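See structure below.
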Amino acid sequence: TLITAIQAAADSYTVQQMLNAGSAETLAITNPLDTQTFVLFLPGGAFPSATDTANVFVIATISPTNAADSSLSTTLTSALNAVEITISNGNTALAGALTATVIFTFRDADLDGVIDGSNVRWATAKIYRFSAGEGWVELATTITAPTATTPGQATATTSHFSIFRLVGAGASAGLSGFMVAPNPFRPNNGIDADGKTYDGSAGTGIYFLNLP
């Protein structure tokens, strides 16, 4: 049950949702100022200090900036918004060996390989999780490519509730690192490293890399 949705500030949005501790639950949040959505899938029994019948509040805040951003590596560029997940009973880790699934959606309506509203190439995007003890940690991320009309998805699993960001390689400051790959491009010789004929999917065609 959605309990409340709060426009916390002009550029951030918070939802509070009451979940049954014993059931598999889903929470989704979309910043009304853009088209990015964050989805959290929680397994049943995920909360170590709650009984199977207890209800707990999950609080999610989506915002372009977060206090933890200052420790993000300078080699990474954030795509759109950070999402912070907190639990009303104070849990930060899931019970036992359970994991939750997190999904960031993103759009590339013009199919230029860059997440709309950012300068991050979606093929390089990874989900990162922040914790005070570890800093930003990369999560194993699966990317589903977008189309002109449907969003792409970045999916990962986590055993901790924290701050999450979708980040990737951004535009370069200059042309010194510009590359064309594969070079030479020989798509019909049966060697994948020499390139594949472009068919709209990742890993095909010619890449122009490190552009400003």
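Taken together, the values in this text are just the output of simple stated rules run on the coordinates, not laboratory data. What you see is a predicted model; the values in this text were computed from it and never measured. Using ideal geometry, Cβ is built from the backbone for each residue, glycine included, and neighbour counts are taken over all protein chains shown.
Taking label points 7 Å from Cα along the Cα-to-Cβ direction, residue 139 and residue 111 give a separation of 3.0 nm. Once the Cβ-Cβ distance of residue 208 and residue 101 is raised to the sixth power relative to R0 = 35 Å, the FRET efficiency obtained is 0.55. Exactly which chymotrypsin sites (Phe, Trp or Tyr not before Pro) in the range 115-212 are in a DSSP loop and have at most 12 other Cβ atoms within 10 Å? Of the chymotrypsin sites (Phe, Trp or Tyr not before Pro), the ones in loops of the range 115-212 whose Cβ has at most 12 other Cβ atoms within 10 Å are 178, 198. The amide H of residue 114, built 1.01 Å from its N in the peptide plane, has 122 as neighbours under 5 Å, considering only residues 5 or more places off or on other chains. What would the Debye formula give as log10 I(q)/I(0) at q = 0.11, 0.13, 0.14, 0.15 Å⁻¹ for the alpha-carbon point model of the range 71-157, no solvent? Normalising to I(0) and taking log10 leaves -0.36, -0.49, -0.56, -0.64. Only Cα sites of the range 89-206 enter the Debye sum here, all with the same form factor; the resulting log10 I(q)/I(0) across q = 0.10, 0.13, 0.15, 0.22 1/Å is -0.43, -0.67, -0.82, -1.23, listed in q order. One quarter of the surface of the convex hull around the alpha-carbon atoms of the range 115-184 equals 7.1 nm², the direction-averaged projected area.
Computed about its Cα centre, the charge dipole of the chain is approximately 180 debye, with only Lys, Arg, Asp and Glu carrying charge at their Cβ.
Once Rg and the Kirkwood radius are both taken over the C-alpha atoms of the range 14-105, their ratio Rg/Rh works out to 1.00.
Estimate the FRET efficiency between residue 69 and residue 188 by the formula 1/(1 + (r/R0)^6), using the beta-carbon distance for r and 41 Å for R0, to the nearest 0.05. It comes to 0.35.
Using equal-weight Cα scatterers in the Debye expression, the normalised intensity of the chain in log10 at q = 0.09, 0.15 Å⁻¹ is -0.41, -0.98.
Placing a label point 7 Å from the Cα of residue 57 along the Cα-to-Cβ direction, the residues of the range 83-97 whose backbone N falls under 13 Å from that point are 86-90. Label sites at residue 198 and residue 92, each approximated as a point 7 angstrom past Cα along Cα to Cβ, lie 4.7 nm apart.
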